[in-house]
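Asks: The structure follows.
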2 protein chains.
Amino acid sequence: MENTVEKPYVIGLDMGGTNSVFGIVDQRGTIKAQTVISTTAYPDFKDYVKASVEALKPCIDLVGGIQNIRGMGVGAPNANFYTGNIENAANLVWQGCVEVAASFEEALGIPVRVTNDANAAAVGEMTYGVARGMKHFIMITLGTGVGSGIVIDGKVVYGSDGFAGELGHFVIDHTPAGRPCGCGRKGCLECYCSATGVARTIREVLANSNEPSLLRDIDPEKVTSYDAFVAAEKGDKLALEVFDRTGRLLGTACADFTTFSTPEAFVFFGGLTKAGEYLMKPLREAFEQNILRNFKGQTKLLVSALNGSEAAVLGASALGWE
Amino acid sequence: MENTVEKPYVIGLDMGGTNSVFGIVDQRGTIKAQTVISTTAYPDFKDYVKASVEALKPCIDLVGGIQNIRGMGVGAPNANFYTGNIENAANLVWQGCVEVAASFEEALGIPVRVTNDANAAAVGEMTYGVARGMKHFIMITLGTGVGSGIVIDGKVVYGSDGFAGELGHFVIDHTPAGRPCGCGRKGCLECYCSATGVARTIREVLANSNEPSLLRDIDPEKVTSYDAFVAAEKGDKLALEVFDRTGRLLGTACADFTTFSTPEAFVFFGGLTKAGEYLMKPLREAFEQNILRNFKGQTKLLVSALNGSEAAVLGASALGWE
């Protein structure tokens, strides 16, 4: 036998609205095998599990069989860590309550843990990433939405109901001017710091200025944060203002969040972090300006070092070690 | 021997800027003996400890000697749970770092834990009060300042530095109109929902209206939240508006805080809670209006049932069981 460690692998499943990506991962966070199935093709969840097991079979064989696999972790929308179920996920084909952990445990004969993707990302950072060794940090995922995973004393906070850590829906603007959010309220952090939030900021910044900008050449309904990054690279003033506003809002919110759990670090993940210093510089400045005196200088503001395309599977897999 | 339980008592010390109150407490939260010394009379902390032990001696004898006492808990400003020290407390006579836990452990020969008074209050509610049996709740103390103690998975959150849970310094108004706070920033929750914050709201409400009010008969610099309560009891419209504004701000903030740890309950403690429904009704309404849909209807908003004058000692003593 090549491996002397008992059960040296875990399975990670990143369950997206469209595709489900599976990876078999070792303790260093190397993906040894990977496979994908459609999430939408199986209206009956039993068929989805059957298709998953079939797709996984060659991957499992590649690492010497299921006896080498310690457990499985699943990152999925509206996943409840306590029950192992997905509950009323708007973006998935299955309605109501889906018993994800129980179904996969039965099908594979290994322990299975589920949680939402931001919590999975936090476990991933703690296991393979920049938060290795940290006991207190807050993961902020900046994607289509804004998600968060809060780690206290080395454990993700799941709260009383299994759904804690929804900082994307922390309201940062309670005035009537707060942007309408998909959650039905106004002014949530997500409305400003997600991909769609930044696109909205681009349109606002362009509308409120007469300054020339490369961003004016793009259909306002299709403009993205990546366009702003490209323009910022060329010194475009309004593109820089977009990142400045976004970074300042996020840094100010994080300074407030510090009063909760005084984390050692915030770890930012997702497409928006590709903007690098355009985002991080104003973020750091606003954080330092807004942090309570007693907490000054003790919090790191870090960008995830996990490979973006692999991070979701790695994050999910990390749950398999727990 | 009367008690069959081994070591059935704990010592609680509520260390205030002026007085230090000691109590010997049983497992039901009954104070068996109590004593007080001056906090300010001993510029050398060693003398303070000596005086404390002397004052405690008859109380300890009353419960059958130190062998009946399991531990001691101290609630004190700027107390660090991890180190057992008080660090740079502005309102105490001792400068710099004071080794509270180590000094009392040496003097009494029992384990000693320290934390700030809001965290102590949270442990007190969990041990003797309305949060008994709860694993997830947030304590909000409404006194001269606003403090908080956050309990997750049955444990107080001390964070990376021992000072977590400072929700009184969560900024709820980031606009230039945010009220200046003692911490040097603007718009902290404490500036609105503490005793001094409510007094400020009284002055604002009076200044912005021509409505007659009983509160106009009181020196604006001396008016208190208790005056507003008395006026509210007589149906005074502006007094009711003061509580309405205060309750709504607090309820809205708590709805936001829920995104963090989805607590089962918020427990409110302190003088302001004597306003009862004048405060709690708008608080509940604002909470329900502002809570994220997914979290609706699952959080209790409770008022502490601990006797106000005993609560601080009880809270501190509860740490002695841990």
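The values are calculated or read from the model by the stated rules, or taken from the named source; none is laboratory data. Please read these numbers as outputs of a predicted model, since none were measured by experiment. Cβ placement follows ideal geometry from the backbone for every residue including glycine, while neighbour counts extend to all protein chains displayed. With ligands, DNA and RNA removed, areas are computed over all heavy atoms of the protein, side chains included. Shrake-Rupley method; radii C 1.70, N 1.55, O 1.52, S 1.80 Å.
Asks: So what are the ³J(HN,Hα) numbers for segment B:232-249, from phi and the Karplus equation (6.51, -1.76, 1.60; θ = phi - 60°), rounded to whole Hz, Gly and Pro as x?
Replies: My calculation for segment B:232-249 gives 4, 4, 8, x, 4, 4, 6, 5, 4, 5, 4, 5, 4, 5, 5, x, 5, 4 Hz in order.
Asks: Would you mind listing how long the protein assembly as shown runs along its three principal axes, going by Cα atoms, in whole Å with the largest first?
Replies: Reported extents, whole Å, longest axis first: 75, 68, 43.
Asks: For segment B:35-86, what is the accessible area per residue in Å², given a 1.4 Å probe and the full set of protein chains?
Replies: In whole numbers, segment B:35-86 has 45 Å² accessible per residue.
Asks: Enter the angle in degrees (range 0 to 90, nearest 10) between the Cα long axis of helix A:195-207 and the first principal axis of the Cα atoms of chain A, meaning the one along which they spread out most.
Replies: On a 0 to 90 degree scale, this one is about 10.
Asks: Hey, in the GNM for chain A with a 10 angstrom Cα cutoff, which one of A:D26, A:D217, A:D256 fluctuates hardest?
Replies: Per the Cα network of chain A with a 10 Å cutoff, A:D217 tops the list.
Asks: Starting from the Cα of B:K281, draw a straight line to each of the aspartates and glutamates and keep only those under 16 Å, dropping any in the same chain fewer than 8 residues away.
Replies: B:E233, B:E241, B:D244
Asks: Let me ask something else. Would you tell me the accessible area of A:E204, worked out with a 1.4 angstrom probe on the heavy atoms of the protein chains, in Å² to the nearest 10?
Replies: Approximately 70 Å² of A:E204 is accessible to the 1.4 Å probe.
Asks: Keeping every protein chain in place, order B:K237, B:K32, A:K46 by accessible area at 1.4 Å, biggest value first, i.e. largest first.
Replies: A:K46, B:K237, B:K32
Asks: Of B:K46/B:K155; B:K7/B:K155; B:K274/B:K300; A:K300/B:K155; A:K186/B:K300, which pairs sit farther than 27 Å apart, going by alpha carbon to alpha carbon?
Replies: Checking Cα-Cα distances, B:K46/B:K155 exceed 27 Å.
Asks: Each residue of segment B:67-79 in order: what ³J(HN,Hα) in whole Hz does its phi give by Karplus 6.51 cos²θ - 1.76 cosθ + 1.60, θ = phi - 60°, with x for Gly and Pro?
Replies: My calculation for segment B:67-79 gives 5, 8, 10, 6, x, 10, x, 10, x, 8, x, 6, 7 Hz in order.
Asks: What residues does segment A:253-270 have that are buried by at least 50 Å² of accessible area in the full protein assembly compared to the chain on its own, 1.4 angstrom probe?
Replies: SASA drop of 50 Å² or more in segment A:253-270: A:D256, A:T259, A:F260, A:T262.
Asks: Here's something else I'd like to know. Considering chain B as a Gaussian network with a 10 Å cut-off on Cα pairs, which listed residue, B:N85, B:N290, B:N307, attains the greatest mean-square fluctuation?
Replies: Residue with maximal mean-square fluctuation among B:N85, B:N290, B:N307: B:N307.
Asks: Further, regarding this structure: Quick one: what Rg and Dmax do you get for segment B:266-322 from the alpha carbons, in Å?
Replies: Rg and Dmax of segment B:266-322, Cα atoms, are 14.4, 39 Å.
Asks: Continuing with this model, one more query. Evaluated at 37 °C with a viscosity of 0.692 mPa s, what Stokes-Einstein diffusion coefficient in µm²/s does chain B have when Rh comes from the Kirkwood expression over alpha-carbon pairs?
Replies: Translational D for this selection: 160 µm²/s.
Asks: Applying the Karplus parametrisation 6.51 cos²θ - 1.76 cosθ + 1.60 with θ = phi - 60° to the phi angles of segment A:132-141, what ³J(HN,Hα) value in whole Hz is obtained for each residue in order, glycine and proline being reported as x?
Replies: 4, x, 7, 9, 9, 8, 10, 8, 10, 9
Asks: Okay, moving on. Which residues' amide hydrogens lie under 5 Å from the amide hydrogen of B:T262, considering only partners 5 or more residues apart or on another chain, with H built in the peptide plane?
Replies: Placed amide hydrogens put A:G165 under 5 Å from B:T262.
Asks: In the protein assembly as shown, what percent of the accessible surface is made up of carbon and sulfur (1.4 Å probe, ligands and nucleic acids excluded)?
Replies: The nonpolar share, carbon plus sulfur, comes to 50 percent.
Asks: Give the distance, in whole Å, between the Cα centre of segment B:257-305 and the Cα centre of segment A:25-64.
Replies: 44
Asks: Just check segment B:16-157 against the gyration tensor rule for me: Cα atoms, a ≥ b ≥ c as the square roots of the eigenvalues, rounded for a/c under 1.5, and otherwise prolate or oblate depending on whether a/b exceeds b/c.
Replies: Taking the square roots of the gyration eigenvalues as a ≥ b ≥ c, segment B:16-157 is oblate.
Asks: Let me ask you something else. How far apart, in nanometres, would the label points at A:K274 and B:I66 be if each is projected 7 angstrom from Cα along the Cα-to-Cβ direction?
Replies: With each label point 7 Å from Cα toward Cβ, the separation is 6.6 nm.
Asks: Divide the volume of the convex hull of the Cα atoms of segment B:172-275 by its number of residues and quote the answer in cubic angstrom per residue.
Replies: 115
Asks: For B:V303, which sequence-distant residues (separation of 5 or more, or a different chain) have an amide H within less than 5 Å of its own amide H, given hydrogens modelled in the peptide plane?
Replies: B:F268
Asks: Which whole-number value in Å² is the accessible area per residue of segment A:244-322, probe 1.4 Å?
Replies: About 35 Å² of surface per residue is accessible.
Asks: Here is a further query. Chains B and A: what accessible area do they bury, summed, in square angstrom to the nearest 100, with a 1.4 Å probe?
Replies: Summing both chains' loss of accessible area gives about 3200 Å².
Asks: Please give, to one decimal in nm, the separation of the simple spin-label points placed at A:A51 and A:N208, each 7 Å out from Cα toward the Cβ.
Replies: Calculated label separation equals 4.6 nm.
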